[in-house]
Structure formats: structure tokens, C-alpha cells
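Worksheet: the structure to be examined is printed underneath.
The values are calculated or read from the model by the stated rules, or taken from the named source; none is laboratory data. What you see is a predicted model; the values in this text were computed from it and never measured. Cβ atoms come from the backbone with ideal geometry, glycine included; neighbour counts cover every protein chain shown. Surface areas here come from the heavy atoms of the whole protein model, side chains and all, with no ligands, DNA or RNA. Shrake-Rupley method; radii C 1.70, N 1.55, O 1.52, S 1.80 Å.
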Amino acid sequence: MEKSSIVFVGMDVHKESIDVTLAETGGEVRRVGSIGGDRAAVEKLLGRLSRVHGHLHVVYEAGPCGWWLQRLCAGHGHACSVVAPSLIPRRAGEHVKTDRRDSEKLARLARAGELEALYVPDVRDEAIRDLVRGREDAVVAQRRARQQLKALLLRHELRYVGRTSWTGAHRRWLAELKLPEPAQQIVFEEYVMAIEAAGERVARLTRAIEEQAAHWRFGPVVQALQALRGVQFIHAATLVCELGDLTRFESPRQLMGYLGLVPREDSSGPARRQGSITKAGNGFARRALVEAAWAYQHPARVTPIIARRQTGLPKSIRDIAWAAQLRLCARFRKLAARRLNKNKVVVAIARELSGFVWAMARQVKPL
């Protein structure tokens, strides 16, 4: 059989199975069948299809199974595109969804050139991202444990009168507490130990991120982003590991759209209607920018902490950081003076802050 130029392979990937459909260039679309979801089954399929068709272009939806399938296909010399489920075109009257139809749709749309591939991080970048997300999980667990302890104390009318919780004074107050029943004291002590364990876990993971970032190819970018006000080490590491190579974005507006920080729009003719932000793209990076944006509610100033973070950085990086302060601090005051909701103001500042992140990343060369 004569090998065609390229064959598009649509895969609907699940944990235990993969449904496969072929779309030949200028030919028919036919279902291959369902195979196992493990590496051996995929390698066997690729070998069989490549012997018959030659060049393959595999397409599958991003999901919980990660990037191993993309790397496996690329390792065998085949093109492989991973697409976002939310960006796959869908017909308005389409109400039937099956694995077979999904794989067929992927093959057809890939052949028609209507799918946009996602950015695929390399193994090292993904490892750093897993480490940063692991710390985020530890922070969530710590917050949950603290909330559980506070709920126990509130049920027994035990209130801390200090200004801030989880300080040294608050921990000394906790150490002196004694609940009326032995069973309740056991629960109290277990919550306290859970909080201490969660704090130690966050500290361990933070140190691990610092050690790994020191030898990471994007380490200089992480260091440069810390020149920005509000962007501390964890924020910078989160932005870089979630967004990857920032130079792949052609403009700041494209990065803002990828982060989901641009408003929804439903305009027609002279009528222009804008709504809330789209919240498309990467939520981890968007959250980090929103947290950093709160720092711009204060007047522009290079504090000792910021000056320490800027030590040793090029003048071009420091100039961008200062321009960001001048612009965003004034913008924050202007929007706040209009009595806008403060959360809306912060999101607007975060949107513009992403533009300065983009500009700064283009000034730094990875290792």
C-alpha cells in the first residue's frame, strides 16, 4: 500500500482506554477502535499505523493524563498536538457526545486546520510546576486546618482578642488554652499539630523551589520578575512555571487574553457591551498577578525589600519595574477615586501588570 503524505489521528484519551479515529488527507474518516490507555498499547498502535501510513499527526484533548502521550508520539517522530477542550469548535445543535464522536471530531478538525495546539512544557519545566503546585496544595491544607481550629474555638466561645492570628502572641495564647472536656482537648491538640505539620510542609516545599530555581533555565527570569512591586519569589516562580516561555506571546494583549484578564464582550453595531473578565487560560498565574496587584494601592516607592530584590539586576529591568510602579500606582488611585469596586480595580491593575511582566521577560535570556 502506498503511504500517504500525512494522516491525522484523533484520540479521545481516558485513564483506561483511548478511542482512535483516522482522517486521511483528502480521504475518508474511519474509526480504528479502542485501545488500552497504557504506554505499551499506544506504542503498538503507532508502530502499526506508521508502517501503513507513514507520517502521523496525533491530536488529543488536554486532560488529567498529562503530557506523556505527546512526548511519546514526538519521541517516535510523529507530530502531536494537545488542544484545550474549551477551544474546540462545537455546533449549536450538537447534543450527543460519545468517545467515538469525540475522536472523530478531533481528526476532522485537525485535518481542516481548525485546532490550535497548546504550549507543551519540557520535562524539567513541568517538574518545577508540579513542585510549585504542590506548595499551593500545602498552603490550602494549612488554611483548612487553621479554619477547623478556629471553628472549634468559636463553638466554645474562645475568642482571641489580639489583632492578628497566627503570630507569636497568638500561638502563645493557643498554648495556654484548656478546653473543658478531655475529648475536646484531644481534638484541639490534634488540630494544633496538624497546623504545625502543614506549616513545616510549606516551608520544606518553599526551600525546595528555591533550590531548584537556582539551576533552572528560567531562573534568571524568576529573579528579574521579583524587581516588580508585589511580585515576590513564589509569585515569580508561579508565573514563570505556569506560563513557560513568555516570549512566545507576540504582544502584551495576547498574554492578557491568555490569562483571562480581558473583559467579555457582546457588541454589535454601535452598541458595545462588556462584562466580567473571561477567566480563560491559566488560573494559577492569574491568581498570582491579582495578589501582586494589591501592592499598588500604596504610593510609588522603592522600599528596602524591593531594593534588596533588585540588587544585581540590569538597569533595564529596574527601569521597567519603576515605570510599572509609576503607572500602576497612579492608575490604582485614579480608579479608586471613581468609587469602583476595589476588586475590579485590582483586576484592572493585574491586567496591566501582566504587560510589564511580558516586557521584563523579553529583556532576560534563559540559561
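If a residue has to be open to solvent by 40 Å² or more (accessible area, probe 1.4 Å) and closer than 19 Å to Asp99 by Cβ to count, how many in segment 30-43 make the cut? Residues in segment 30-43 being open to solvent by 40 Å² or more (accessible area, probe 1.4 Å) and closer than 19 Å to Asp99 by Cβ: 5 in total. Kindly establish whether His57 is closer than 30 Å to Ala127 by Cβ, surrounded by fewer than 19 Cβ atoms within 10 Å (Cβ to Cβ) and touching a helix residue (DSSP H, G or I) at 6+ places or on another chain (Cβ under 7 Å). Here the answer is no, as His57 does not meet what is asked.
Condition check ((1) within 30 Å of Leu239 (Cα to Cα); (2) in contact with a Pro (Cβ under 9 Å, 6 or more places away or on another chain); (3) of a type in the set (Phe, Trp, Tyr)) across all residues:
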{"residue": "Leu56", "(1), (2), (3)": "no, no, no"}
{"residue": "Ala62", "(1), (2), (3)": "yes, yes, no"}
{"residue": "Cys80", "(1), (2), (3)": "yes, no, no"}
{"residue": "Pro85", "(1), (2), (3)": "yes, no, no"}
{"residue": "Ile88", "(1), (2), (3)": "yes, no, no"}
{"residue": "Asp99", "(1), (2), (3)": "no, no, no"}
{"residue": "Arg108", "(1), (2), (3)": "no, no, no"}
{"residue": "Glu116", "(1), (2), (3)": "yes, no, no"}
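Of the listed requirements (1) over 28 Å from the mean Cα position of the chain (by Cα); (2) under 26 Å from Ile234 (Cα atoms), Leu174 misses just one: (2). The listed residues are Val7, Val52, Val20, and the only one of them that is of a type in the set (Val, Ile, Thr), more than 30 Å from Gly281 (Cβ to Cβ) and open to solvent by less than 20 Å² (accessible area, probe 1.4 Å) turns out to be Val7. Of all residues in segment 68-83, none satisfies being in contact (Cβ under 8 Å) with a residue 40 or more places away in the chain and aromatic (Phe, Trp, Tyr). Would you tally the residues in segment 275-305 being open to solvent by 30 Å² or more (accessible area, probe 1.4 Å) and within 11 Å of the chain's Cα centre (by Cα)? Here the count works out to 5.
Counting only helices (runs of 4 or more DSSP H) wholly contained in segment 175-289, the ones carrying 3 or more residues that are touching a Leu at 6+ places or on another chain (Cβ under 8 Å), touching a residue at least 60 places away in the same chain (Cβ under 8 Å) and over 27 Å from Val346 (Cα atoms) occupy 182-213. Scanning for something surrounded by 18 or more Cβ atoms within 10 Å (Cβ to Cβ) and in contact with a strand residue (DSSP E or B) (Cβ under 8 Å, 6 or more places away or on another chain), does segment 83-97 turn up at least one residue? Scanning segment 83-97, I find at least one residue that is surrounded by 18 or more Cβ atoms within 10 Å (Cβ to Cβ) and in contact with a strand residue (DSSP E or B) (Cβ under 8 Å, 6 or more places away or on another chain), so the answer is yes. Filtered by the rule that a residue be hydrophobic (A, V, I, L, M, F, W, C) and surrounded by 17 or more Cβ atoms within 10 Å (Cβ to Cβ), segment 323-341 gives Ala324, Leu328, Cys329, Phe332, Leu335.
Mind checking whether some residue in segment 185-200 is of a type in the set (D, E, K, R) and within 28 Å of Val302 (Cβ to Cβ)? Checked against the condition, which is being of a type in the set (D, E, K, R) and within 28 Å of Val302 (Cβ to Cβ), segment 185-200 yields no hits at all.
Contact map, segment 34-51: first residue under 16 Å from Glu24 (Cα atoms), second residue open to solvent by less than 60 Å² (accessible area, probe 1.4 Å) and assigned to a helix (DSSP H, G or I), Cβ cut-off under 7 Å, separation 6 or more or different chains; pairs are Leu46/Cys73. Of the residues making up segment 147-181, those that are under 16 Å from Tyr191 (Cβ atoms) and aliphatic (A, V, I, L, M) are Leu149, Ala151, Leu152, Leu153, Leu154, Leu158, Leu174, Ala175, Leu177, Leu179.
Among the residues of segment 342-365, those that are within 30 Å of Gln212 (Cα to Cα) and open to solvent by 60 Å² or more (accessible area, probe 1.4 Å) comprise Arg351, Arg362, Gln363, Lys365. Note on segment 44-102: residues that are touching a Phe, Trp or Tyr at 6+ places or on another chain (Cβ under 7 Å) and not β-branched (Val, Ile, Thr) total 2.
Conditions tested, residue by residue: (1) closer than 28 Å to His235 by Cα; (2) touching a Phe, Trp or Tyr at 6+ places or on another chain (Cβ under 6 Å); (3) modelled with pLDDT under 95.
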residue: Val132; (1), (2), (3): yes, no, no
residue: Arg135; (1), (2), (3): yes, no, no
residue: Val140; (1), (2), (3): yes, no, no
residue: Gln147; (1), (2), (3): yes, no, no
residue: Val161; (1), (2), (3): no, no, yes
residue: Leu179; (1), (2), (3): no, yes, yes
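Do we have any residue at all in segment 115-129 that's more than 30 Å from Val58 (Cβ to Cβ), open to solvent by less than 50 Å² (accessible area, probe 1.4 Å) and under 36 Å from the mean Cα position of the chain (by Cα)? Checking segment 115-129: not a single residue is more than 30 Å from Val58 (Cβ to Cβ), open to solvent by less than 50 Å² (accessible area, probe 1.4 Å) and under 36 Å from the mean Cα position of the chain (by Cα).
Yes/no per residue for (1) open to solvent by 40 Å² or more (accessible area, probe 1.4 Å); (2) of a type outside the set (D, E, K, R); (3) closer than 30 Å to Lys315 by Cβ:
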position: Trp166; (1), (2), (3): yes, yes, no
position: Ala197; (1), (2), (3): yes, yes, no
position: Ala208; (1), (2), (3): no, yes, no
position: Val221; (1), (2), (3): no, yes, yes
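Just one of the numbered conditions (1) in contact with a Ser or Thr (Cβ under 8 Å, 6 or more places away or on another chain); (2) on the phi > 0 side of the Ramachandran plot; (3) of a type outside the set (A, V, I, L, M, F, W, C) is not true of Arg264: (2).
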